[in-house]
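Here the structure is laid out as structure tokens; the discussion comes afterwards.
The values are calculated or read from the model by the stated rules, or taken from the named source; none is laboratory data. All of these numbers come straight from a predicted model, not from anything done at the bench. All Cβ positions, even for glycine, are placed from backbone atoms using ideal geometry, and neighbour counts span all protein chains on display.
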Amino acid sequence: MNKTVKNPRGPVMGRPMKKVKKGTFTRFMKLLFSFYKAPLILVFVCIGLSAVATACPSIFQRNVLDTVALAITEMSKGATADAMMEKYFPQIATYIIILASIYLVGLLCAFIQTRTMATITQGSLHKFRTLMFGKMQKLPIKYFDTNARGEIMSRYTNDIDALRQLISQSIPQVITTSIILLTVTTMMLIMSFWMAMVVILGVVAMTITSRVIGGSGAKHFRRQQESLGDAEGYIEEMINGQKVVKVFNFEPKSKQKFNQLNTTLCKHATMANTRANTLMPIMNNIGHILYAVLVFVGTLLIGQNNLSLETIFNGTTGTAVFTIGTAVAFLGLSKQFTNNVSQLSQQANAIIMGLAGAERVFELLDEEPEVDDGYVTLVDAREDENGTIVEADKHTGMWAWKHPHSDGTVTYTKLTGDVRLKEVDFGYVEDKIVLHDISLYAEPGQKIAFVGATGAGKTTITNLLNRFYDIADGKIRYDGININKIKKDDLRRSLGIVLQDVNLFTGTVMDNIRYGKLDATDEECIEAAKLANAHSFIEMLPDGYNTMLSGSGSGLSQGQRQLISIARAAVADPPVMILDEATSSIDTRTESIVSAGMDSLMKGRTVFVIAHRLSTIKNSDVIMVLDKGRIIERGSHDDLIAQKGKYYQLYTGVFELD
């Protein structure tokens, strides 16, 4: 059964949007520190020193200006230039040397920070992708049935790119800006309380503006990321189905649907970026207004008594004079302060976007993994001199189930391929059962065929044998062992499967055959290809078994791709085979070649066959006819024909069509 479920994500799909979850930033930072604790600490130290180096020079600028002003005042009273140079030059030179040293330290820290952050950023993205891909391998088939592939890929591309921006720029910029703001605030309070109060009032106005304009930015950035995932998922779907689109003239409808998704994406991206891009100019203009106000207030204060932290600590409260140097330095600090407040507001939107991406990454990492509580394993085995099955330390050609018991004993059961289902019920969702009271058995070496209309439950039964899904009720036993007790990896290793839809991977033909058994030798792969009747056409390829395949083997015919997949199953040499409409996409001539190969492959194995061409299953030991999730007929081909029931109708109907 090919179960397709629309991606429920996004406004287009009818699912309400979510805000960025609380705690996402904390979780993200904890994970980041777990990756690079020492380098991050070094970066934060460098950021702190660099930020302080950026803010502190204003104090020395004030001192230099006040010293020069004092020298000019004394010269206006008759002092000579040489005398002033001798008196004040050492002091000015000291300030300049200290200032140059501060700038040098800031430059060195910025260099270390930049180099280290490059390593942290790319390394963290590498680790995030590794975590995501590793988690994806542990997810059940259900996850991929209910999520569009393009939407999943969007988490690896767009959301990871948002994390790159967050790690490399936003977080360092916010930390730098915050430290600069703290340092600048301290410097302003040291210089003048009254001027600092004017700046604080300006910051209050900037903060209110930021909250009003940028407050809704978070939800729109979240919607932008989700809409982007929806659009990319649809694009991938259309690319994969382009032939169908062309055949059925689906282009206008496809374009209409894409325009709908693209318009939604444009809407959310516009709303998010409008708020982000509008905020910065407004904040800058508020900063310009504040600067003009400070110039006016500073002009009024020059020559007046000045209240500041400096005068308080020196015990001269109210007696110090507000100087031109203080005014000029303060104006520089105020400009620096408002610029950093604007940058902080701008980075807030980038952080929100990054956290939206982080949350979507965490959604993947938080998905429930496939549960495997099995403890029975598959091992190489042999018979000792008494005929007892024991575990072998090398491959012997015999497999056995290693079954540990609660009393500490271990028993070994030879793998023969005896499969039995008893009163099995199953539904993809709890309230909708699609298989009802399925009971059947397949003894070793038997060929069991499933026939029935599309959606009758044929493929669903084979999915239950692999434990891609777990049954709701009943029992499935494999060589007398409940399959829930068997580890899924070992269970699936004992089952070979050939699907209607062939998936070949980028690599050589030999590599693709070897996927069935990763430690198979070249000779074993070639023998498997011969068994599947694939050897002759492979030899005719440009580089034979070393021919590179890409795009799921797009350069091969459907029949050739299917032959390779059959060879892949053959090299695994499993005792149980599942053939899910393996010849449905192959022409009649190729089918005869494939069928001959499959007949060789099926010898001595328990085989479950799903076929739409009933002529290919006439020699099955038992044919199961399914209808609406129930077995309504069973028996051999001749028995079912004699009954003149549903199978008879299907079989004779096929020949009438021919």
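Applying the selection to the stretch 158-169, what residues are polar (S, T, N, Q) and closer than 16 Å to residue 359 by Cβ? Before you say what the answer is, go through the steps one by one.
Of the stretch 158-169, the ones polar (S, T, N, Q) are 158, 165, 168-169.
Across the stretch 158-169, the qualifying residues are 158, 165.
Pairs only if they're at least six apart or on different chains, beta carbon under 8 angstrom, first in the stretch 163-175 and part of a helix (DSSP H, G or I), second at pLDDT 85 or above and hydroxyl-bearing (Ser, Thr, Tyr); list them, first residue then second.
From the stretch 163-175, the pairs are 163/124; 164/121; 167/121; 167/124; 168/121.
Taking the stretch 442-461 as the search range and keeping residues that are assigned to a helix (DSSP H, G or I) and either in contact with a Phe, Trp or Tyr (Cβ under 6 Å, 6 or more places away or on another chain) or of a type in the set (A, V, I, L, M, F, W, C) (or both), which one is surrounded by the most Cβ atoms within 10 Å (Cβ to Cβ)?
Pass one, the stretch 442-461, residues assigned to a helix (DSSP H, G or I): 458-461.
With the extra rule that they be either in contact with a Phe, Trp or Tyr (Cβ under 6 Å, 6 or more places away or on another chain) or of a type in the set (A, V, I, L, M, F, W, C) (or both), the set shrinks to 458, 461.
Numbers: 458: 24, 461: 26.
The selected residue is 461.
Considering only the stretch 629-644, how many residues are at positive phi and touching a strand residue (DSSP E or B) at 6+ places or on another chain (Cβ under 8 Å)? I'd like the intermediate steps shown before the answer.
So the first thing to find is which residues in the stretch 629-644 are at positive phi, and the list is 629, 635, 644.
Then drop every residue that is not touching a strand residue (DSSP E or B) at 6+ places or on another chain (Cβ under 8 Å), which leaves 629, 635.
So the answer is 2.
Taking residue 16 as meeting all but one of (1) within 20 Å of the chain's Cα centre (by Cα); (2) modelled with pLDDT under 80; (3) surrounded by fewer than 16 Cβ atoms within 10 Å (Cβ to Cβ), write down the number of the exception.
(1)
Go through the stretch 372-400 and count every residue that is touching a residue at least 60 places away in the same chain (Cβ under 8 Å) and not in a strand (DSSP E or B).
Residues of the stretch 372-400 touching a residue at least 60 places away in the same chain (Cβ under 8 Å): 372-378, 399.
With not in a strand (DSSP E or B) added as a condition, the list becomes 372-375.
Final tally of qualifying residues: 4.
Which residue out of 125, 65, 49 is over 30 Å from residue 332 (Cα atoms), out of contact with any Phe, Trp or Tyr (no Cβ under 6 Å at 6 or more places or on another chain) and touching a residue at least 40 places away in the same chain (Cβ under 8 Å)?
On the way: 65 fails: over 30 Å from residue 332 (Cα atoms); 49 fails: over 30 Å from residue 332 (Cα atoms).
Just one listed residue meets the conditions, 125.
Could you grab me the full set of residues in the stretch 80-105 that are modelled with pLDDT under 75 and in contact with a Ser or Thr (Cβ under 9 Å, 6 or more places away or on another chain)?
Answer for the stretch 80-105, where residues must be modelled with pLDDT under 75 and in contact with a Ser or Thr (Cβ under 9 Å, 6 or more places away or on another chain): just 88.
Give the stretch 473-489 a look and list any residue that's in contact with a Leu (Cβ under 9 Å, 6 or more places away or on another chain) and either within 17 Å of residue 141 (Cα to Cα) or not acidic (Asp, Glu) (or both), or say none. Step through it out loud before you land on a result.
Of the stretch 473-489, the ones in contact with a Leu (Cβ under 9 Å, 6 or more places away or on another chain) are 474-479, 483, 486-487, 489.
If the condition is that a residue be in contact with a Leu (Cβ under 9 Å, 6 or more places away or on another chain) and either within 17 Å of residue 141 (Cα to Cα) or not acidic (Asp, Glu) (or both), then 474, 475, 476, 477, 478, 483, 486, 487, 489 are the ones that fit.
Please give the number of the condition residue 479 fails out of (1) surrounded by fewer than 20 Cβ atoms within 10 Å (Cβ to Cβ); (2) farther than 21 Å from residue 637 by Cβ; (3) among the charged types (D, E, K, R).
Among (1) surrounded by fewer than 20 Cβ atoms within 10 Å (Cβ to Cβ); (2) farther than 21 Å from residue 637 by Cβ; (3) among the charged types (D, E, K, R), the lone unmet condition for residue 479 is (1).
What are the residue pairs meeting all of these: first residue in the stretch 487-502, first residue not assigned by TED's automatic domain parsing to the domain that holds residue 567, second residue assigned to a strand (DSSP E or B) and among the hydroxyl-bearing types (Ser, Thr, Tyr), Cβ atoms under 8 Å, and 6 or more apart or on different chains?
Pairs found: 487/377; 490/377; 491/478; 494/478.
Sort out which residues of the stretch 491-539 are assigned to a loop (DSSP other than H, G, I, E, B), of a type in the set (A, V, I, L, M) and under 14 Å from residue 563 (Cα atoms), and write them in order of number.
499, 502, 504, 532, 534 - these are the residues of the stretch 491-539 that are assigned to a loop (DSSP other than H, G, I, E, B), of a type in the set (A, V, I, L, M) and under 14 Å from residue 563 (Cα atoms).
Out of all the residues in the stretch 302-345, which are among the aliphatic types (A, V, I, L, M), under 24 Å from residue 204 (Cβ atoms) and at pLDDT 70 or above?
Hits for the stretch 302-345 are 327, 329, 331, 333, 341, 344.
Just to check your reading of the model, which residue among 56, 46 is at pLDDT 70 or above, closer than 25 Å to residue 168 by Cα, crowded, with 16+ Cβ neighbours inside 10 Å and of a type outside the set (S, T, N, Q)? Can you show your working first?
Working: 56 fails: closer than 25 Å to residue 168 by Cα.
Of 56, 46, the one residue that is at pLDDT 70 or above, closer than 25 Å to residue 168 by Cα, crowded, with 16+ Cβ neighbours inside 10 Å and of a type outside the set (S, T, N, Q) is 46.
Can you tell which of 128, 111 is modelled with pLDDT of 85 or more, in a helix (DSSP H, G or I) and surrounded by fewer than 19 Cβ atoms within 10 Å (Cβ to Cβ)?
Numbers: 128 fails: surrounded by fewer than 19 Cβ atoms within 10 Å (Cβ to Cβ).
Result: 111 is the single residue among 128, 111 that is modelled with pLDDT of 85 or more, in a helix (DSSP H, G or I) and surrounded by fewer than 19 Cβ atoms within 10 Å (Cβ to Cβ).
Does residue 348 fit the bill of being at pLDDT below 80, over 30 Å from residue 411 (Cα atoms), crowded, with 16+ Cβ neighbours inside 10 Å and under 50 Å from the mean Cα position of the chain (by Cα)?
Values: at pLDDT below 80: yes; over 30 Å from residue 411 (Cα atoms): yes; crowded, with 16+ Cβ neighbours inside 10 Å: yes; under 50 Å from the mean Cα position of the chain (by Cα): yes.
Yes, satisfied.
Rundown of residues vs (1) in contact with a Leu (Cβ under 8 Å, 6 or more places away or on another chain); (2) within 29 Å of residue 613 (Cβ to Cβ), yes/no style:
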residue: 369; (1), (2): yes, no
residue: 372; (1), (2): no, no
residue: 415; (1), (2): yes, no
residue: 423; (1), (2): no, no
residue: 433; (1), (2): no, no
residue: 437; (1), (2): no, yes
residue: 442; (1), (2): no, yes
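So the check is Cβ under 7 Å with 6+ separation or different chains; which pairs have a first residue in the stretch 431-449 that's at pLDDT below 90 and a second one that's among the basic types (Lys, Arg)?
That search, which allows pairs on different chains as well, returns 445/605.
Being surrounded by 14 or more Cβ atoms within 10 Å (Cβ to Cβ), over 21 Å from residue 64 (Cα atoms) and at pLDDT 80 or above narrows it down to one of 268, 220, so name that one. Give the derivation first.
Working: 220 fails: at pLDDT 80 or above.
Sole residue among the options that is surrounded by 14 or more Cβ atoms within 10 Å (Cβ to Cβ), over 21 Å from residue 64 (Cα atoms) and at pLDDT 80 or above: 268.
For the structure I just gave you, tell me whether residue 104 is surrounded by fewer than 17 Cβ atoms within 10 Å (Cβ to Cβ) and in contact with an Asp or Glu (Cβ under 6 Å, 6 or more places away or on another chain).
Working: surrounded by fewer than 17 Cβ atoms within 10 Å (Cβ to Cβ): yes; in contact with an Asp or Glu (Cβ under 6 Å, 6 or more places away or on another chain): no.
No; evaluated as a whole, the condition is false for this residue.
Of all residues in the stretch 534-571, count the ones that are more than 17 Å from residue 502 (Cα to Cα) and of a type in the set (S, T, N, Q).
The total comes to 3.
Only one residue in 606, 590, 583 is modelled with pLDDT under 85, buried (at least 22 other Cβ atoms within 10 Å of the Cβ) and more than 34 Å from the chain's Cα centre (by Cα). Which one? So that I can check it myself, show each step before the final result.
On the way: 606 fails: modelled with pLDDT under 85; 590 fails: buried (at least 22 other Cβ atoms within 10 Å of the Cβ).
Among 606, 590, 583, only 583 is modelled with pLDDT under 85, buried (at least 22 other Cβ atoms within 10 Å of the Cβ) and more than 34 Å from the chain's Cα centre (by Cα).
Within the bounds of the stretch 141-155, is there any residue that is among the charged types (D, E, K, R), over 24 Å from residue 235 (Cα atoms) and either in the same structural domain as residue 232 (by TED's automatic domain parsing) or not in a helix (DSSP H, G or I) (or both)? Give the steps one after another, and end with the answer.
Looking only at the stretch 141-155, we keep the residues that are among the charged types (D, E, K, R), and these are 142, 145, 149, 151, 155.
If we keep only those that are over 24 Å from residue 235 (Cα atoms) as well, we get none.
So far as the stretch 141-155 goes, no, none of its residues is among the charged types (D, E, K, R), over 24 Å from residue 235 (Cα atoms) and either in the same structural domain as residue 232 (by TED's automatic domain parsing) or not in a helix (DSSP H, G or I) (or both).
Taking residue 451 and the conditions (1) within 35 Å of the chain's Cα centre (by Cα); (2) within 30 Å of residue 426 (Cβ to Cβ); (3) among the hydrophobic types (A, V, I, L, M, F, W, C), which numbered condition does it fall short on, given that it satisfies the others?
(1)
Within the stretch 371-389, does at least one residue satisfy the condition of being within 30 Å of residue 298 (Cα to Cα) and touching a strand residue (DSSP E or B) at 6+ places or on another chain (Cβ under 8 Å)? It would help to see each step written out before you state the result.
To start, the set of residues in the stretch 371-389 that are within 30 Å of residue 298 (Cα to Cα) comprises none.
No, the stretch 371-389 contains no residue that is within 30 Å of residue 298 (Cα to Cα) and touching a strand residue (DSSP E or B) at 6+ places or on another chain (Cβ under 8 Å).
Would you be able to say whether some residue in the stretch 420-432 is touching a helix residue (DSSP H, G or I) at 6+ places or on another chain (Cβ under 6 Å), farther than 22 Å from residue 579 by Cβ and not aliphatic (A, V, I, L, M)?
No, that holds for no residue.
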